[in-house]
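Structure, as structure tokens:
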Amino acid sequence: MKNSSSEVKEKGAGGSEFWLSFQELLRTKGVPEDRLRWYLNWGEQFARWGKKGSLRERTLQDIGRFLAWLHGLENIKPWQVTQASEALCFLYADFLRQPWANPWPRFEFTEGATAMDPDPIEGARRLLFGDTPPATFSAEIEKVFERYRTEVRLLHYSIRTERAYLSWIRRYIAFSRLRHPGELGAADVKDYLEYLAEEREVSASTQKQALNALVFFYGTVLKEPLGELGEFARAKKPMRLPTVLSRGEVLEVLEMMQGTPALMAGLLYGSGLRLMEGVRLRVMDIDFDLGQIMIRNGKGQKDRLTMLPERFREPLRQHLERIRALHREDLAKGLGEVSLPPGKALQNTEAGREWGWQFVFPARAYSVDPRSRTVRRHHASEDSLQKAVRAAARRAGVTKPVSPHTLRHSFATHLLESGCDIRTVQELLGHRDVATTMIYTHVLNKPGLTVKSPADV
């Protein structure tokens, strides 16, 4: 190695020189080349996790909580926790040479060995969970998860909410050392919420979502309401103004987009749609004669009407003609069915194949419904639109942070700039409280319009 660990200076949570040196150490320890990038990835993830400054200031407790956090993520497999533990052992025992890391077992990579081998993580598991650690959630806890899925689907919660809540429940149980949730209570929930605010430094909205998930879990699934939690450390909610583009910047971003993403982004701006409202539009929601769009089951499970921009009417007509041809092809293959709102399929078993119920922006490929296991063509991915908007903003030279929601902010601000009544804007946006809409008036209050800067005197 060119530099020893003591000679390498960390830059923030770990600079590039730091990680290159760590990579060289991993090679000397026999870590296979095809795994190097994954070991580096775990080290870098831990460096960013918690935002606690220097890696040398971290403790064994920090590592334990990081592994517990990973263990609670639904998309993380046990072997990945094993691999993360191996990486952090090398980082602290061999690279940073922290004395408290010495109890960790040594790893030897032999031909045919994989990161799924159970022995390497045993020491880390003992540190984290005690002498008898379960490899995964117990069968009793898994049964509770099944009860949760049953309850959330009876209440017709969206699949996104179902997954988000389950993720928080899993993380909470992992944080509580994999104890059965029936053994835990309000005090444990408070400890977890304070941990999120103080150590994970999550946003106020993230902490609130975790609280909502746990309140639902205890009250609806376990039938043991938490009651009044009392005072606990809450994440700070900063007062931030929304990022708004000028009319010229919006046009420049839209001009940098092509095809279906350009049309979707245009409707988000021209109609003030939220991201998921845009991708979930159905053919029946578009009224060309009246020039309006019906938003069904929006935020707060509310319907509302908004305008259909004249600029996008003809492109939208042509787009729907292509989608109708695609729908006919799907029907000819025995497919062409889309998911329906709760209860609608019971009223009309063929409604899912009707043209009016089809998504305006369908996905390119078929997918399997995670609940019914039916093969369908779902709506377009919201992730692809987010990436397309960000890429277009970069190409347009816009330095502001731009997302699809920025287009909705710009819609509201530009309406108010043109003299539109704030109550009308509130209805178009679907805000429950006019105070939410009032934030856009702060964007309009540009300092310096009536007061001259002392630098210009």
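Brief remarks follow.
- Taking Lys and Arg as +1 and Asp and Glu as -1, the other residues whose beta-carbon sits under 15 Å from that of Met257 total +2.
- The accessible-area ordering, largest first, of the residues Glu198, Glu24, Glu277 stands as Glu198, Glu24, Glu277, per a 1.4 angstrom probe.
- Restraint check, Lys237/Lys387; Lys237/Lys302; Lys302/Lys333; Lys29/Lys143, Cα-Cα greater than 32 Å: Lys302/Lys333; Lys29/Lys143
- Note on region 294-404: Rg/Rh from C-alpha atoms, Kirkwood Rh, equals 1.01.
- Accessible surface, 1.4 Å probe, highest first, among residues Val279, Val368: Val368, Val279
- Backbone HN-Hα couplings from phi across region 168-179 [Karplus 6.51/-1.76/1.60, Hz, Gly and Pro as x]: 5, 5, 5, 5, 4, 5, 5, 4, 8, 6, 6, 6
- Surface accessible to a 1.4 Å probe, His442 within the full protein complex, Å²: 100
- For the set Leu40, Leu331, Leu20, Leu326, the ranking by accessible area, highest first and with no ligand, DNA or RNA atoms included, is Leu20, Leu331, Leu326, Leu40 under a 1.4 Å probe.
The values are calculated or read from the model by the stated rules, or taken from the named source; none is laboratory data. Being a predicted model, the structure only gives us computed values, none of them experimental. We place every Cβ from the backbone using ideal geometry, glycine too, and count neighbours over all the protein chains shown. Remember, those area values only see protein heavy atoms, side chains included, never the ligands or the DNA or RNA. Shrake-Rupley method; radii C 1.70, N 1.55, O 1.52, S 1.80 Å.
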